[in-house]
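Have a look at the structure below, then the notes.
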């Protein structure tokens, strides 16, 4: 096996448990095919385990948390089985969840989501991409009743790895839609044509919490996707729930989900959230609860300032559009904007509008998206629930 040596004094982060070895931390990048298994050592020959090497990527080695000399189907089966045992403890009885969360499960570059007997995989790195057949084998071994495996490999991260973008059925037979349950609701999900892997599973717990504040209130769910927060609000007895998204496909799916659950107190609009909130502020239209769950505003540090400005405007408009004593739910999935920064942005906007915001709940990603402490990159989702107390 080829050995990759760290430059002097570059081992501290790796020793602490981080799984990424960057190109500028390596004494000499080996001329190997992307996805080659290598061993990482420091100048004292201390081994930090093996990982997949990709000379094309800034993340040159993705460690796997093992000293194994070879990575095969049995290795993937062991890791998938361990991940499943954990999810059974975290979400007993559930059948829709993130089965394997990349680095947090010591499988850098691999995501697996379960939707009943159907599975969606994302391979974000060359090493994982080369082992697609082993991954499918592992899923079928751990879940003998599995009916399909779909790949959704459309993330721009793949281009940095020298990989093509592709999506579609890998194995088995997948229906046009798959029904799952969340907090007592039935949701019909399009695994092949839907965004990401079909549904945003990471907000499951937060959606249940937000629903507690929605009974007999008017609720505006911004960036609603296929209706998650709005549907939970309606089921909790909202007087009126409206979901807004710029995707006509998502809106159609959300409307279908409302019909499946016989919810007559919810509707959905295809609109630009910023423009809609501006119009509501100008018209004096107010809401009792406003939920902000936008897509990531920054994939790189070069656009962080723009991202901060976006969060500031979005929360400012929402605060303006809240009725007296209203509830603001503000979330961010931008990993590069930490919790403290988002809180500061919201506090600043509330202060400028002379509104006292009281923090009622602080949420994060659901437990099937665990956080590896050595890797802050695995902690990305923030959600806050505030009420306004100076009305």
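The values are calculated or read from the model by the stated rules, or taken from the named source; none is laboratory data. Please read all numbers here as calculations on a predicted model, not as lab measurements. Note that we place each Cβ from the backbone using ideal geometry, even for glycine, and neighbour counts take in every protein chain shown.
Scan (1) assigned to a helix (DSSP H, G or I); (2) in contact (Cβ under 8 Å) with a residue 40 or more places away in the chain for the single condition residue 120 breaks and write down its number. Condition (1) is where residue 120 drops out.
When you go through 273, 242, 289 one by one, which is the residue that is under 22 Å from the mean Cα position of the chain (by Cα) and either within 26 Å of residue 390 (Cβ to Cβ) or at pLDDT 95 or above (or both)?
Details: 242 fails: under 22 Å from the mean Cα position of the chain (by Cα); 289 fails: under 22 Å from the mean Cα position of the chain (by Cα).
Of the residues listed, the single one that is under 22 Å from the mean Cα position of the chain (by Cα) and either within 26 Å of residue 390 (Cβ to Cβ) or at pLDDT 95 or above (or both) is 273.
For segment 7-32, the candidate set comprises residues that are in contact with a helix residue (DSSP H, G or I) (Cβ under 8 Å, 6 or more places away or on another chain) and assigned to a loop (DSSP other than H, G, I, E, B); within that set, the residue that is surrounded by the most Cβ atoms within 10 Å (Cβ to Cβ) is 19.
Out of 224, 214, one residue alone is outside any helix (DSSP H, G or I) and under 21 Å from the mean Cα position of the chain (by Cα). It is 224. Here segment 52-71 is the region considered, the condition is being part of a strand (DSSP E or B) and under 24 Å from the mean Cα position of the chain (by Cα), and the residue that is surrounded by the most Cβ atoms within 10 Å (Cβ to Cβ) is 61. Applying the condition of being more than 18 Å from residue 316 (Cβ to Cβ) and out of contact with any strand residue (DSSP E or B) (no Cβ under 8 Å at 6 or more places or on another chain) to segment 340-372 and asking which residue is surrounded by the most Cβ atoms within 10 Å (Cβ to Cβ) yields 365.
Filtering segment 166-202 to residues that are closer than 25 Å to residue 298 by Cβ, in contact with a strand residue (DSSP E or B) (Cβ under 6 Å, 6 or more places away or on another chain) and surrounded by fewer than 20 Cβ atoms within 10 Å (Cβ to Cβ) leaves only 167. Is it true that residue 343 is touching a residue at least 40 places away in the same chain (Cβ under 8 Å), over 14 Å from residue 213 (Cβ atoms) and assigned by TED's automatic domain parsing to the domain that holds residue 223? Spelling it out, residue 343 is indeed touching a residue at least 40 places away in the same chain (Cβ under 8 Å), over 14 Å from residue 213 (Cβ atoms) and assigned by TED's automatic domain parsing to the domain that holds residue 223.
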